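Q: Let me begin by handing over the structure; questions about it come next.
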Amino acid sequence: MTARMSAIRSIAPDLLASAELTIDSKGEGFTDITPEAVRFLKECGAGEGALLLYLRHTSAALVIQENADPDVQTDLITALRSLAPADGPWVHTVEGPDDMPSHIKSMLTGVALHVPVHGGAPALGTWQGIYLVEHRARSHRREVVLQFVGSRAG
């Protein structure tokens with residue numbers, strides 16, 4: 001194995017900023033929230049640190065995924081549908097046939113992210129974006145808590 005580590009950067013955190021992002025989903029699928037995360041970091045004056053994102057729901061998810069080819073998102077939705085189909089042997093059906101599968105998909109994909117921030121910007125890879133994934137068939141209003149912990153820009 002060959003590995004190389006960059007120089008270690010050390011900062012004293014002096015900024016804790018929080019905001020809530022409300023998103024009206026359009027039903028099952030991906031919504032790119034990277035621009036909102038970037039705007040939050042800029043507006044709070046972020047420098048070096050960590051961006052924390054937390055979704056306040058159990059039938060949707062937050063993911064970091066490819067942002068170049070939309071076929072990836074189509075294939076991921078297809079894969080999730082096969083892992084937790086609406087016509088599965090679910091007991092919890094009070095909120096409709098897509099509710100229990102949505103809870104399973106949320107458990108598999110997660111509701112929280114941690115993204116390093118360098119120079120006031122998320123340190124995402126070239127083809128990465130931050131997405132809200134709506135697992136329910138119909139639209140929903142979703143809330144994401146954004147929090148930055150780190151140093152101030154400049």
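All of the numbers you see were taken from the coordinates with simple rules; none came from a lab. A quick note: this is a predicted structure, and the numbers were derived from the prediction, not measured. Here the Cβ is made from the backbone with ideal geometry for all residues, glycine too, and neighbour counts use every protein chain on show.
Q: DSSP loop (so not H, G, I, E, B), at most 13 other Cβ within 10 Å: list which trypsin sites (Lys or Arg not before Pro) in segment 15-87 pass both filters.
A: In loop regions of segment 15-87 (DSSP not H, G, I, E or B), the sparsely surrounded trypsin sites (Lys or Arg not before Pro) are K26, R56.
Q: Here's another thing I want to ask about it. Could you work out the relative contact order of segment 1-145? I mean the mean sequence separation of Cα pairs under 8 Å and 6+ apart, divided by the number of residues, in percent.
A: Working: 243 pairs, mean separation 68.3, N = 145.
Averaging sequence separation for qualifying contacts and normalising by length gives 47 percent for segment 1-145.
Q: Same structure, new question: Convert 37 °C to kelvin, take the viscosity as 0.692 mPa s, use the Kirkwood radius over C-alpha pairs of segment 15-152 as Rh, and evaluate the Stokes-Einstein diffusion coefficient in µm²/s, rounded to a whole number.
A: Diffusion coefficient, whole number: 211 µm²/s.
Q: How much length is gained on full extension from K42 to V91, taking 0.36 nm per residue of separation minus their Cα-Cα distance?
A: So the extension gain works out to 13.1 nm.
Q: Still on this structure, please answer the following. Using a Förster distance of 22 Å, how high is the FRET efficiency between M107 and S18, based on the Cβ-Cβ distance and rounded to 0.05?
A: 0.30
Q: Got a sec? Charge dipole of segment 1-116, +1 on Cβ for Lys and Arg, -1 for Asp and Glu; which of T74, L53, P97 is way out at the positive end?
A: L53
Q: If you line up the long axis of helix 70-83 against the longest principal axis of the chain, both from Cα atoms, how many degrees apart are they, to the nearest 10?
A: That helix lies at roughly 50 degrees to the long axis.
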